[in-house]
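The values are calculated or read from the model by the stated rules, or taken from the named source; none is laboratory data. It should be emphasised that the depicted structure is a prediction, and the values quoted were computed from it without experimental measurement. A quick note on method: Cβ atoms are made from the backbone with ideal geometry, for glycine too, and the neighbour counts reach across all protein chains shown. SASA here: full protein model, heavy atoms, side chains in, ligands and nucleic acids out. Shrake-Rupley method; radii C 1.70, N 1.55, O 1.52, S 1.80 Å.
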Amino acid sequence: MRKTTFFLLIAGLLISACGAQTTPTTPAPATATVAQLLEASPTPQDEAQSSPSVESASAGAETVTYAIVPDESQVSYTVDEVFINQNNRLNTAVGTTSQISGEIVLDRVNPKNSQIKPITIDISQFTSDSSRRDNALRDRFLESARFPEATFTSTQVEGLPDVIEEGKDYNLTITGDLTVKETSHPVSFDTQVRLEGDRLSGQATATLLMSDFGVGPINLGGILKTEDEVQIRFDFLAQPGASG
């Protein structure tokens, strides 16, 4: 009896085990294979095509403001004068000042969108080789003791490139309004500029008539007279964050 019971118990266990192996189970949710995941994931090339690059995304941040550095910049005038009381001796007078302020906004992505903000020059600080000449300009002709600031406001910049190459000289024509003694007159500067690292440098020259600004030509009866034509030259260095 005990043997029979034992064999029946063994048989029942075997049947149960077989049933557990053959009975269909509910399938588990499908799990993606590694290969499928890799196939579905975007490649670096796909990401580059479907989303903006870091460079293009930051294009708006490529506008840089350069401030003129007075210690490394200067404005000068050059004018011919004749000393009547010295047998009409011809002389070329040159006066300079470094009291300059202003900013240039450079768009490195779209250079043609660059701007020149108003440039201000303290013309009361013009210094030449003659204190007598300097005082006469301040008190009588430029009247810079009363009107110390001359301002150039750009209205047009021609010759800006599509792409800026560092270390390359670019020739521009910068036109604007020059204001001296509260009189404004259009002036065009032939300009050469260069960008190297954080240094924007260049020189601009223009020829104008003093009479357009009610300044000359200067005539000190029997002593000295000047030509009406005067050349203005602006040598500048500008850097980001510099104080004008």
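Tabulated results
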item	result
Nonlocal amide H pairs with Val69, under 5 Å, H built at 1.01 Å	Leu237, Ala238, Gln239
Calculated FRET value between Thr92 and Asn171, using beta carbons and R₀ = 30 Å, to 0.05	0.70
Set of aspartates and glutamates with alpha-carbon distance to Lys225 below 14 Å, sequence-local pairs under 8 removed	Asp80, Glu81
Which of Lys112, Lys168 is most accessible, then next, and so on - probe 1.4 Å	Lys112, Lys168
Cα→Cβ-extended label distance, 7 Å offset, between Val109 and Val163, nm	1.7
J(HN,Hα) series, the range 93-107, from Karplus relation 6.51 cos²θ - 1.76 cosθ + 1.60, nearest Hz, glycine and proline x	8, 10, x, 9, 8, 10, 7, 10, 9, x, 9, 10, 9, 9, 9
Sum of side-chain charges, Asn113 neighbourhood, beta-carbon under 12 Å (Lys, Arg +1; Asp, Glu -1)	-1
Packing-based order for 87-99, 223-235, using average beta carbon neighbours within 10 Å, highest first	223-235, 87-99
J(HN,Hα) series, the range 228-234, from Karplus relation 6.51 cos²θ - 1.76 cosθ + 1.60, nearest Hz, glycine and proline x	6, 7, 9, 9, 10, 10, 10
With DNA, RNA and ligands ignored, accessible area of Asp177 (1.4 Å probe; Å², nearest 10)	60
Shape call, the range 90-181: gyration tensor on alpha carbons, a/c limit 1.5	prolate
Three-way shape call for the range 125-244 based on the alpha-carbon gyration tensor, with the a/c threshold at 1.5	prolate
Neighbourhood charge, 12 Å Cβ-Cβ cut-off, centred on Ser98 and excluding it, Lys, Arg +1 and Asp, Glu -1	-4
Rounded, prolate or oblate (a/c below 1.5 giving rounded, otherwise prolate when a/b exceeds b/c) for the range 58-127 by Cα gyration tensor	prolate
Heavy-atom accessible area ranking, 1.4 Å probe, most first, across Tyr170, Tyr66	Tyr170, Tyr66
